[in-house]
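> My questions will all concern the structure given below.
The values are calculated or read from the model by the stated rules, or taken from the named source; none is laboratory data. The structure presented is a predicted model; accordingly, all values stated were derived computationally and were not measured. Because the Cβ atoms are built from the backbone with ideal geometry, glycine has one as well, and the counts that use them run over all protein chains shown. The protein model used for the area step is the full one, side chains on, heavy atoms only, and it has no ligands, DNA or RNA in it. Shrake-Rupley method; radii C 1.70, N 1.55, O 1.52, S 1.80 Å.
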Amino acid sequence: MHHLTRTTLSGCAVILALGAAIGLSGLNRPTPEPLLPPASAPEAARGSGVDIAMTQRRDEWSPVCATTGEPLIDFSPVDHGQGVHRMTLTAHNCSDQPVTLTEPAMWFGGREGLTDPLRLDAGRTELTPLTLEPQASATAVLTWESAPGEVGTVLSIRLPDVGEGELQDDLALGPTSRVWLSGWLR
């Protein structure tokens, strides 16, 4: 029994030493630089109550309105149906002026213009402009049918006069998917 106690104590000491070494190795890491506003963010939004911060999920990014705490563009969890996928997009007007919501610019991650754009199916998209009052939100449902083999994981969106957002998730969304958007609702 004496041998078993010494072996157990030696094992615990090794585990504690490894844990301490791993913990101390992270102390010298530089802190990451804060995110900068995207180049395409509206000029009125820069320095006017918009904070750059991560939004609700780990792989979701959008500037956050400092006055309300709402992300400018928010993504609901993806509902993966049988071949048809859905997600609710929420747009928040952080400005002091009304904005008109129209068709968003969407692309498959990265920077706009450097990656493939996402084209909406004109026959299924029912989008009419909606004027959104200051500090108000509106939603629309983004729906898509994946083509065989679609494995896209990044979706970026920009709404004129509102802002940008990006989602990294298991989307099964790509250039050959059939995509449509419902109308904006308050």
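> Does Glu112 satisfy being within 22 Å of Leu72 (Cα to Cα), at pLDDT below 90 and of a type in the set (Asp, Glu)? Reasoning before the result, please.
Working: within 22 Å of Leu72 (Cα to Cα): yes; at pLDDT below 90: yes; of a type in the set (Asp, Glu): yes.
Criteria met by Glu112.
> Consider Asp116 carefully, then state whether it is at positive phi, open to solvent by 20 Å² or more (accessible area, probe 1.4 Å) and out of contact with any Cys (no Cβ under 7 Å at 6 or more places or on another chain).
No; evaluated as a whole, the condition is false for this residue.
> Failed condition for Cys94, given (1) out of contact with any Cys (no Cβ under 6 Å at 6 or more places or on another chain); (2) open to solvent by less than 70 Å² (accessible area, probe 1.4 Å), with all others met?
(1)
> Anything in the range 60-88 that is assigned to a loop (DSSP other than H, G, I, E, B), exposed (fewer than 14 other Cβ atoms within 10 Å of the Cβ) and at pLDDT 90 or above? List them, or say none.
Correct list: Pro77 only.
> Run down Gly123, Gly113 and say which single residue is in a loop (DSSP other than H, G, I, E, B) and either closer than 14 Å to Arg178 by Cα or under 17 Å from the mean Cα position of the chain (by Cα) (or both). Working first, answer last.
On the way: Gly113 fails: either closer than 14 Å to Arg178 by Cα or under 17 Å from the mean Cα position of the chain (by Cα) (or both).
Just a single option satisfies the conditions, and that option is Gly123.
> Could you grab me the full set of residues in the range 126-174 that are of a type outside the set (A, V, I, L, M, F, W, C), surrounded by fewer than 15 Cβ atoms within 10 Å (Cβ to Cβ) and not in a strand (DSSP E or B)?
If the condition is that a residue be of a type outside the set (A, V, I, L, M, F, W, C), surrounded by fewer than 15 Cβ atoms within 10 Å (Cβ to Cβ) and not in a strand (DSSP E or B), then Glu126, Thr128, Pro129, Glu133, Pro134, Pro148, Gly149, Pro160, Asp170 are the ones that fit.
> Considering the range 175-186 alone, what residues qualify as being surrounded by fewer than 17 Cβ atoms within 10 Å (Cβ to Cβ) and assigned to a loop (DSSP other than H, G, I, E, B)?
Within the range 175-186, the subset surrounded by fewer than 17 Cβ atoms within 10 Å (Cβ to Cβ) is 175-176, 178, 183, 185-186.
Of everything in the range 175-186, those that are surrounded by fewer than 17 Cβ atoms within 10 Å (Cβ to Cβ) and assigned to a loop (DSSP other than H, G, I, E, B) turn out to be Pro175, Thr176, Gly183, Arg186.
> Oh, and also: Determine whether Leu118 is of a type in the set (A, V, I, L, M, F, W, C) and within 25 Å of Asp59 (Cβ to Cβ).
Spelling it out, Leu118 is indeed of a type in the set (A, V, I, L, M, F, W, C) and within 25 Å of Asp59 (Cβ to Cβ).
> Hey, can you tell me all the residues within the range 83-127 that are of a type in the set (Gly, Ala, Ser), more than 17 Å from Ala138 (Cα to Cα) and touching a residue at least 60 places away in the same chain (Cβ under 8 Å)?
Residues of the range 83-127 that are of a type in the set (Gly, Ala, Ser), as a first pass: 83, 91, 95, 105, 109-110, 113, 122-123.
Still in the running and more than 17 Å from Ala138 (Cα to Cα): 83, 109-110, 113, 122-123.
The answer is Gly83, and nothing else.
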